[in-house]
């Protein structure tokens, strides 16, 4: 068996096929390389140049993770399976984290719906939240939220998500958001958060008032004070003693 030579590149046809699979084109890659090649080594750069460099690096990063996902068919297949199942007791789809698509603006109600779902999972048996997927399980991606954030920045998206959970449910409950990941699929990127069952009641604080939510089939339901107390006694019996 011959040992491949170091630095050997993919055959051109295979590269083009892989680029098409992840929603890129050969022309886009060539243009990006040409843009990056115009950046010369200088001791000081302007803010605009720094932002351009960040954008170039993000595009390369985006391409890398999308190509990497081609080598993770089991992950993509698992996600497709869950999307095909539709929303249920342990699965919830959200098109966006911050952006109201109908009103075309940032929405506090959209953010609260994210918090309600996460708290509902924590107060039930846990679950998986998909952001960038509409109610029918269609992949819409994160472009709306990236636009609301002002740039395509997955780190910023994650920071805002963590801050949202921290501000509405509490920092002490972040430990139950066990895994977060950005998954390239069908030429777009979605955000997946795996939430575990909490060891104690988790409330969403809205305008200073705590609200208690649980999952009921494919919905997140608000319980009143009496219902919340009764539910807590059954769900966390050791804490009720």
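Each value in this text was obtained by applying a stated rule to the coordinates, not by laboratory testing. Being a predicted model, the structure only gives us computed values, none of them experimental. Note that we place each Cβ from the backbone using ideal geometry, even for glycine, and neighbour counts take in every protein chain shown.
What would the Debye formula give as log10 I(q)/I(0) at q = 0.11, 0.13, 0.21 Å⁻¹ for the alpha-carbon point model of segment 76-240, no solvent? Debye intensities relative to I(0), on a log10 scale: -0.43, -0.60, -1.48.
Here the extension length gained between residue 200 and residue 147 equals 15.5 nm, from 0.36 nm per residue of separation less the Cα-Cα distance. Judged by the mean number of other Cβ atoms found within 10 Å, the most tightly packed of the peptides 142-148, 167-173 leads the ranking 142-148, 167-173. On the beta carbon distance between residue 186 and residue 35, with R0 = 30 Å, the FRET formula returns roughly 0.70. Extending 7 Å from Cα along the Cβ direction at residue 26 and again at residue 158 yields two label points whose distance is 3.4 nm.
A Förster distance of 22 Å, applied to the separation of the beta-carbon atoms of residue 221 and residue 105, puts the FRET efficiency at 0.20.
Across segment 122-204, the convex hull enclosing all Cα atoms gives 102 Å³ per residue.
The order of the peptides 86-93, 232-239 by mean Cβ neighbours within 10 Å, most packed first, is 86-93, 232-239. Sorting the segments 113-125, 95-107 by their mean number of nearby beta carbons within 10 angstrom, highest to lowest, gives 113-125, 95-107.
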